[in-house]
Structures are given as structure tokens and as C-alpha cells.
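The values are calculated or read from the model by the stated rules, or taken from the named source; none is laboratory data. Treat the numbers as computed from the prediction; the structure is a model and nothing was measured. Virtual Cβ from ideal backbone geometry, glycine too; neighbours counted across all protein chains shown. Calculation scope for accessible area: heavy atoms of the full protein, side chains included, ligands and nucleic acids excluded. Shrake-Rupley method; radii C 1.70, N 1.55, O 1.52, S 1.80 Å.
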Amino acid sequence: GQNIDQPTEMTATEGAIVQINCTYQTSGFNGLFWYQQHAGEAPTFLSYNVLDGLEEKGRFSSFLSRSKGYSYLLLKELQMKDSASYLCAVPYNTDKLIFGTGTRLQVFP
Amino acid sequence: GAVVSQHPSWVICKSGTSVKIECRSLDFQATTMFWYRQFPKQSLMLMATSNEGSKATYEQGVEKDKFLINHASLTLSTLTVTSAHPEDSSFYICSGPGQGAYNEQFFGPGTRLTVL
């Protein structure tokens, strides 16, 4: 079966750095996605990892360890607008996506 | 990226009525589209895969007779919630298949359904 876990909620201060973890157990592995979702809106794509290591994209970076079934999303220089839910997801059966439980991040001034 | 629209963006209906939600791909054609449901403070759950020209495939535990899916063309998929009940109140989101550089899915803006 497929199982993806994330912390439910996190809080951080504006300007700080926060790391959101995601652990997964899947039959087969075809990469891992991170999406951002603001309340009441659609998820938007942030990053994709298929090989081990760190992928950096501006203030956001994503890390993957396939042997450990582990990924994290690193957000630097936090801004108020980063308050949102962050969802990790893994594809299966070609195009389907299974989402993690999601992490609600609240950034305080 | 690929653009997906949904209509309506929100709907309120009485218990026992049916509600149709449309999902359109605006700048690409899709032989498959995906329907998700999201309850408050929860993650997205895949309900079904809509297939153009054939029956939808439903995930385990999703009632196919209650959630009717029709993929009428390469740019339109509809989800009809039949005989809606308050427990069907949720955020329904559709997406097209992977279109981006990383084969990422692009999501519609979602439809908030409230059943009274």
C-alpha cells in the first residue's frame, strides 16, 4: 500500500527558515512532488525530486533520500504569504497522485 | 503551465438534490482527468480518473453511482454528485494529467460544495 506522512501543523516567524518533512512508503517510486495550497485555492506546483539530494529553487529547496523514504521542503527567508498548506505527493499507476496528509504552516510577524 | 478551469466555484444546495461540476482544460487536450475531494483541514483524496470515451475508474471506497463522471470531450469532464447529503459537503478539485516539465499536474481552482 501507499502511506505518506507529514506533520499536521507548523509555525514559524517571518524571516526564519522552516523545514517540512515528509516520509513515504510506496510500492515502486517515480519521484516526489511538493505542492503549495493556500486556503480555498488549488494546489500549485513547487518542486519535484526523483534522485537523491537537494534541489534548490530560490527561497524553496527540496531534498530526497530514496533509501530512507524521506523528503523535506526547506523554506528560507519566510514571508507572511508563505502561510499555506504544503503537500507532498507521489505518483503511482502512471499519472495518479497520492497526497500526504499536508502540513499547515503559519508564519507570524 | 497548463490551465484548468472549474465551474461553479461554489454551490449551495438542499439535501437530496444533484449538483454538476464542470472541469475544463483550456489550453490542452486530455484523455484523462482526475477528480479529488478535500475535507476541511485535510489533504486531497483522489476520487476517480475520468476517461474520455470510456467509463471512469473509481478509487476504493468511492461510490460510482453517487459520483457520476462523464468525460464528454477532450477538454471537458463533469462530476455530478447525486442525491447530495451534508456529508458530501467538501472542496472538489480536478486536474489534468502531467503537463509540466516534471510531468506535474495542474489543478483547477476547485468547487466548494455545501449541502444543507
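One table, with the values for the structure above:
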quantity: Residue order for A:Ile17, B:Ile93 - accessible surface, 1.4 angstrom probe, largest first; calculated: A:Ile17, B:Ile93
quantity: Mean separation of Cα contacts under 8 Å, 6 or more apart, over the residue count of chain B: relative contact order %; calculated: 36 percent
quantity: Heavy-atom surface of the protein assembly as shown, accessible at 1.4 Å and reported per residue (Å²); calculated: 48 Å²
quantity: Spatially proximal aspartates and glutamates relative to A:Lys57 (Cα-Cα < 14 Å; intrachain offsets below 8 disregarded); calculated: A:Glu77
quantity: 10 Å-binned pair-distance histogram of segment A:1-97 (Cα, whole percent); calculated: 15, 50, 29, 5
quantity: For chain B, built as a Gaussian network whose Cα springs stay under 10 Å, the top-fluctuating residue of B:Ser90, B:Ser77, B:Ser50; calculated: B:Ser90
quantity: GluC sites (Glu not before Pro), loop per DSSP, at most 15 other Cβ atoms within 10 Å - longest free stretch of chain A; calculated: A:42-76
quantity: Gap separating the Cα centres of segment B:6-22 and segment B:48-116, nearest whole Å; calculated: 13 Å
quantity: For chain B, alpha-carbon Rg relative to the globular expectation (2.2 N^0.38 Å, N residues); calculated: 1.00
quantity: Percent carbon-and-sulfur accessible area, segment A:28-109, ignoring ligands, DNA and RNA, probe 1.4 Å; calculated: 52 percent
quantity: Sites matching GluC sites (Glu not before Pro) across segment B:50-116 that sit in DSSP coil, with at most 10 neighbouring C-beta atoms within 10 Å; calculated: B:Glu63
quantity: Across A:Lys76/B:Lys64; A:Lys68/B:Lys64; A:Lys81/B:Lys55; A:Lys96/B:Lys66, pairs whose alpha-carbon gap is larger than 32 Å; calculated: A:Lys76/B:Lys64; A:Lys68/B:Lys64; A:Lys81/B:Lys55
quantity: Solvent-accessible ranking of A:Tyr70, B:Tyr102, A:Tyr86, largest area first, probe 1.4 Å; calculated: B:Tyr102, A:Tyr70, A:Tyr86
quantity: Alpha carbon centroid spacing (whole Å) that separates segment A:4-82 from segment B:28-47; calculated: 20 Å
quantity: A/B buried area, accessible surface, summed, 1.4 Å probe, Å²; calculated: 1600 Å²
quantity: Hits among aspartates and glutamates - C-alpha to C-alpha of B:Lys20 under 17 Å, sequence gap 8 or more where chains match; calculated: B:Glu63, B:Asp65, B:Glu87, B:Asp88
quantity: Cβ-placed point charges (K, R +1; D, E -1), dipole of chain B about Cα centre in debye, nearest 20; calculated: 240 debye
quantity: Cα lying deepest toward the dipole's positive end in the protein assembly as shown, options B:His7, A:Gly69, B:Asn103, charges on Cβ; calculated: B:His7
